[in-house]
Structures are given as structure tokens and as C-alpha cells.
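For reference, the structure is listed below as C-alpha cells.
The values are calculated or read from the model by the stated rules, or taken from the named source; none is laboratory data. Keep in mind that this is a model prediction, so the values were computed, not measured. No Cβ is skipped: glycine too gets one built from the backbone with ideal geometry, and neighbour counts run over all protein chains shown.
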Amino acid sequence: MDVLMLSRLQFAFATFIHFIFVPLTLGLSFITAVMETKYVRTGDETYKRMAKFWGKLFLINFALGVVTGITLEFQFGTNWSRYSEFVGDIFGSLLAIEATAAFFLESTFLAVWVFGWEKLSPKLHAVCIWIVAFAANLSALWILLANGFMQHPVGYVIQNGRAELGSFLDVVTNPYGWNEFFHTVTGAWALGGFFVVGVSAYHLLRKQNVDFFTKSFRVGAAFALIFSLVVALVGHRQGNIVAEVQPAKLAAMESHWETQKNAPMYLLAVPDPANEGNSIQIGRIPSILSLMAFNDPSAEVKGLKDFPKEDRPPVTLTFSAFRLMVGLGTLMLIMAVLAFISRHQPAESSPKLLKALVWMIPVPYIALQAGWAVAEVGRQPWIVYGLMRTKDAVSPIAVEQVAISLVAFFVVYILLAALDIFLLAKYARKEPA
């Protein structure tokens, strides 16, 4: 493999592992804040214990997530220096704001929250965790605005062979970036809800601390239901934006080859070995693709054959990841409804439902990873859509250098992910102090 493929594998692997930590951090920070707020408002000590119990799991995930995230930014200099040289004025400013205005705010007030239980008033202490939750999601905003520029570049001018900042306002109001932010964070909040529901169901099956985990179950079920629904609605809007600004990605998501009106959607598609550039499509639903893309069943949807071969994304992976995301998202909504219905007496619910909710814990993780595969693989062959190709962004370095660093990343990141899963499982199984 060449430097380009090795660099892509390294960044994809590091991002994949880092994103195991990110959504739980975003979701659990808000859930912990809600629990502590309930303690402040009601004086119920159970909610204080809940904030401490779930806050400990949040801390474990946050600490290991920071370690895996730091190296990602360095790769823009080591593996993707030509990209950094071309768009550094724009991309670098957004990452700098993320670090100084969001991450430092989050880490500072997290320390105050951890060590301030007996030193601050309950109200002031609750404010600290709200600031942590706000800053964590603010951090996600700046990163996703940077990614939004890569998906739909705006606010730039080409000068001296580089993309330079033309309008900072256009960059930070990029509709693609903002919708991507809401789609990602609402998915993360739904994941946080399922995590709390799943762990609570584990303890309720064993009749452990029933009052404690019943109240936790209620909070988690509300988060899971509300944001499983919202993420679907925001996802539909994201599809509209993709249809407008990235028509090749939309065509790849649906394995849609021929430009046509009343475009159908297919449930399954596999490459046709007898006809290169086509696929065998199964489960035709008339006009649904036109309706989903443009909110008009008669709208024309551009097919992959209208794009040059060198501008087409990988179809099979994009199509499959999109189907996986939508399928698991539908399952999440169904299970969230069942959890919400049983929230008042989850311990008396069917043991089969509680067991199913325990097994639901990894489902939102897989759905979110599949969504990011759609976003990033579907953007190819561009690193900045329509502006710079991925093959032109890689650093001029030796294959051996990237190969060695890829192996090192693989070993270290797998160990960190395993440590995170081990510690979360260990402390999630323990009874609250």
C-alpha cells in the first residue's frame, strides 16, 4: 500500500476509536446535569447519588477520550501537511477556538465539579456540571463546523494557490456544519439515554437498588425516546442538504445510477458482476428517494452515471453504512418507546425487555459509526468537497514512516478502547456508593 492508503487507514482507525468515547461524553454530561438539578430542586439524596454514580462513568470516558483525541490534530501536520497548507487559515482557526474556548472551559469546570462536592453550595455545584455539559457540546460544534467546511466549503477565497479565509461569518454559519452538529449531538444524547437505560436494566434484573435504578431508568428512557425521534428528523433534513450540495454522495447512499424523476428507493443493492457500473437492486419503493431528497415525490434525482468515474464515491460501503445507520436508528426508536412505556415500573417489566435493553447499549455506537462512514466515505474522492482531492492532501513522507506509526496507533488505541470498556463495565456493575 502507498502513503495515501496508509494515511487514510491511520486517520480512519484513530477517528473510529476516538468516536467510541465522544458520544457518551456528550450525552452523559447532560444526563448527569439533569440528575443533579433534580437533587437541587427536590432535595432527594437519591438524585445526588445518581449524579455521582453516572458522573464517575462520565469521568472515566472523558479522561480516556481526551488521550485518543489529541493525536488526531497532529495528523493534519504529519500525514496531511498539504491539506493543512492549503486550508490551514480556515480549518486551523476553528480547531484553535475549540481548544481555547471550549475544551479548557470544560476541563476547568470539570475539575471544580469533581473536587467541589463539599466546598460549593448545591446550586453552584450544579452550575458547574451544566457548564461542563455546555462546553463539551460547544467543543463538538467547532469540530463539526470544521468538518462542515470540508463537506461544503464556504467563506473562502483562493489566493496564492491556497484557500484563505474570506468570511468567518459564512464559515461559522455554514448550514451543512450546523445540521451536522445537531444530527451528531442528538444521536449522542440518545446514546447517553440508552447507556443509562441499559445499565439500569442490568441492575433491575438483579433487583439491586431498585429505587435508585428505577429513577435512573426514567431519566434515561426520556432521553432515549426524545432524541431517537429528534435525530431521525434532523437526519431527514441532513439528507435534504446532501441532495442539494453533494448529489454524488446521495446517489452513492442509494446506489442510484440513472438520473430520473419519481426516483425509487431500494432496500438492498449488490454490485452486478455482469454489468460494471450497475447494481442488482431489491425491494423497490416508488418515488421515495425523490420525496426523501427534495420533499417532492416527482423531483429529479441525479444518478451516479452523470458523474465522472473519478468523482464517484465508493458505492457499496456508502450504501451499506447508510442502510445500517437507518436500520439501527429505527430499532432505537422502537426500543425507546418500549422503555418509556415501562419507565414507571421497569423492575416489574418483562425480563426479556430488560435483557434486550442491556443488549441495546452498543447499538447507538454502531449507528453513529455507520453515520460517520456515510459522511466521510461518501465525500470521497474529495478531502474538501469540490475543492481539493484526498490524494493531493497527503504528506510527502516515506511509506515506512506511516506504516510504523499505523502499527503504533493500532496497538495503543486498541489498549485504550479496551481499558475504557473494562472500566465502564467494572464500575457500571458496581452498586452506587
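Computed quantities for the displayed model
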read-out	value
Any hit, region 174-197, residues being outside any helix (DSSP H, G or I) and either over 30 Å from residue 379 (Cβ atoms) or not polar (S, T, N, Q) (or both)	no
Residue in region 187-205 that is without any contact (Cβ under 8 Å) to a residue 60 or more places away in the chain and either out of contact with any Cys (no Cβ under 8 Å at 6 or more places or on another chain) or of a type outside the set (Val, Ile, Thr) (or both) present	no
Qualifying residue in region 68-76 (condition: at pLDDT 85 or above and crowded, with 17+ Cβ neighbours inside 10 Å)	no
Only listed residue being within 26 Å of residue 91 (Cβ to Cβ) and among the polar types (S, T, N, Q), chosen from 200, 228, 167, 216	167
Candidates 110, 105, 95, filtered to the one that is modelled with pLDDT under 90, within 30 Å of residue 394 (Cβ to Cβ) and of a type in the set (A, V, I, L, M)	95
Condition check for residue 33: hydrophobic (A, V, I, L, M, F, W, C), surrounded by 20 or more Cβ atoms within 10 Å (Cβ to Cβ), closer than 26 Å to residue 365 by Cβ and touching a residue at least 40 places away in the same chain (Cβ under 8 Å)	yes
Elements of type helices (runs of 4 or more DSSP H) contained in region 349-433, each with 3 or more residues being hydrophobic (A, V, I, L, M, F, W, C) and over 25 Å from the mean Cα position of the chain (by Cα)	399-429
Yes/no for residue 225 being aliphatic (A, V, I, L, M), in contact with a Gly (Cβ under 6 Å, 6 or more places away or on another chain) and surrounded by 20 or more Cβ atoms within 10 Å (Cβ to Cβ)	no
Extreme residue, nearest to residue 396 (Cα to Cα), among residues of region 77-88 that are of a type outside the set (Lys, Arg) and surrounded by fewer than 17 Cβ atoms within 10 Å (Cβ to Cβ)	78
Counted residues, region 165-181 - those being out of contact with any Leu (no Cβ under 9 Å at 6 or more places or on another chain) and closer than 19 Å to residue 227 by Cα	1
